[in-house]
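Everything on this sheet refers to the single structure shown next.
The values are calculated or read from the model by the stated rules, or taken from the named source; none is laboratory data. Keep in mind that this is a model prediction, so the values were computed, not measured. Cβ placement follows ideal geometry from the backbone for every residue including glycine, while neighbour counts extend to all protein chains displayed.
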Amino acid sequence: MTKTPRLLAAIAVLAALVAPPLAQATEYSLFDLGSLTPGQQMWATGINDLGQVVGYSYGDGRSGDSASDLYNAFVTGPNGAGLTGLGTLGGSWSRAFAINNAGQVVGDSQTVSGGFRAFIGSAGGPLTDIGTLAGSTNSTATGINASGQVVGVASGSNPNGSDPRGFVSGSNGSNLQALGSLDGQPLFGHAINDRGQVAGGMSPANYGSSFVTGPNATSPRAVFDDTIGVNAINNHGQVAGLYGVAYLYADAFIGTPGGVETHIDFGNVQGYEYGNLGGFGQYGPISGSKAMALNDSGQVAGMFSNGHAADYFAFITGANGEGAVSLDSLFTLGDGDHFVYATGVNNLGQFIANTARGHAYLISPIPEPVTLALWTGGLLLIGWRGRNTSNLRETS
């Protein structure tokens, strides 16, 4: 075989290995992150491309919410191994919401004064209070990109009241600036990509009119007419979130602003039911859904509800939001537990998901990323050796 066919063959094999297939056609492994605080539940919120997971343990609550603010932020090592508590900003609680590939973690924590502030930190290092906007006392950080630009909410007494405002920072959490407004409504960023494009809504929660900005948080514009919340944006500018007439009657979407909006198809997803509750449909749709995370291939992580079951269920997709599948159709958990929220996905196709009984899992495609990296290195080595062997033959 000559050099060119050999190289093309290696590239074809590598492309087949790396390209993320439909979620329903992929095999996955399941890894329980374990427990950070004895007696507390776990809630995973973010993941980077090394498979480092962030989140928090919590008590006295469900679905990630504690009635008594019993929160303890954590970060893991690569591929979810090894839990490390992140500490606090001097108060009694902390939560981690996002991590970049440099291992920088952001979230919020109670301070000595009893308020709470957005922080930036990492495993093994103290948390740094990144401050708040002038006129506000508290803050929460929800997203971070490769350069350490942070998005979040500044507020008075709580994130959903007291004149909340969205903010974006400079590199490494410095120099907080208000995101501004669109059509007279304040903007709240939920996610930020490596170009500094911010996506979110005109509400501090994850619903309200949606927006996306240009690079470095400039020139905000509305995202499609029927979207009511954007929770994620990837490095290609694709966004994912909710569409519909109201938060309670919404479903998941993926799309590129100015381009195509695709509603995620739940037609073959176990546990999802179309139609309306009540004899006359007076109680709204049976099922609704929400896209919560998105990677550069367009794989989506999220949740859907089922009114008949009165419960939540986690879903994941393949590339560009295709091939949605319930995690409960892939894995059967013990003790009657089931997946309720899939909250993150990285560019290697690893997902994080949380269960009804307070477990957090890392879900990795098979072959797992470490194996894939070894295979990729082997292919490159084969190509290099083949090229050099051919060169030797040509010069001999």
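Evaluate the following for ASP194: is it under 21 Å from the mean Cα position of the chain (by Cα), acidic (Asp, Glu), farther than 28 Å from VAL105 by Cα and modelled with pLDDT of 95 or more? Considered against the rule, which asks whether it is under 21 Å from the mean Cα position of the chain (by Cα), acidic (Asp, Glu), farther than 28 Å from VAL105 by Cα and modelled with pLDDT of 95 or more, ASP194 comes out as no. What is the one condition in (1) more than 17 Å from TYR28 (Cβ to Cβ); (2) out of contact with any Asp or Glu (no Cβ under 8 Å at 6 or more places or on another chain) that GLY323 does not satisfy? Failed condition: (1). When we screen GLY61, GLY82, GLY46, GLY51 for residues that are over 25 Å from SER147 (Cβ atoms), modelled with pLDDT of 95 or more and touching a Ser or Thr at 6+ places or on another chain (Cβ under 9 Å), the only hit is GLY82. Of GLY156, GLY173, GLY196, all but one fail to be within 28 Å of GLY114 (Cα to Cα) and without any contact (Cβ under 8 Å) to a residue 60 or more places away in the chain; the exception is GLY156.
Please go through region 248-303 and give me each residue that is exposed (fewer than 14 other Cβ atoms within 10 Å of the Cβ), part of a loop (DSSP other than H, G, I, E, B) and aromatic (Phe, Trp, Tyr), ordered by number. Hits for region 248-303 are TYR274, PHE280, TYR283. Among the listed residues VAL230, VAL212, identify the single one that is over 23 Å from ARG117 (Cα atoms) and touching a Gly at 6+ places or on another chain (Cβ under 7 Å). Criteria check complete, one pass: VAL230.
Residues that are in contact with a His (Cβ under 7 Å, 6 or more places away or on another chain), at pLDDT 95 or above and in a strand (DSSP E or B) occur at least once in region 128-150. Candidates in region 198-233 are the residues that are under 16 Å from the mean Cα position of the chain (by Cα) and surrounded by fewer than 24 Cβ atoms within 10 Å (Cβ to Cβ); of these, the one that is farthest from HIS263 (Cα to Cα) is ALA205. For VAL106, the test of being surrounded by fewer than 19 Cβ atoms within 10 Å (Cβ to Cβ), in contact (Cβ under 8 Å) with a residue 12 or more places away in the chain and aliphatic (A, V, I, L, M) is failed.
For region 352-379, a residue qualifies if it is among the hydrophobic types (A, V, I, L, M, F, W, C) and either part of a strand (DSSP E or B) or at pLDDT below 95 (or both), and the qualifying residues are ILE352, ALA353, ALA360, LEU362, ILE363, ILE366, VAL370, LEU372, ALA373, LEU374, TRP375, LEU379.
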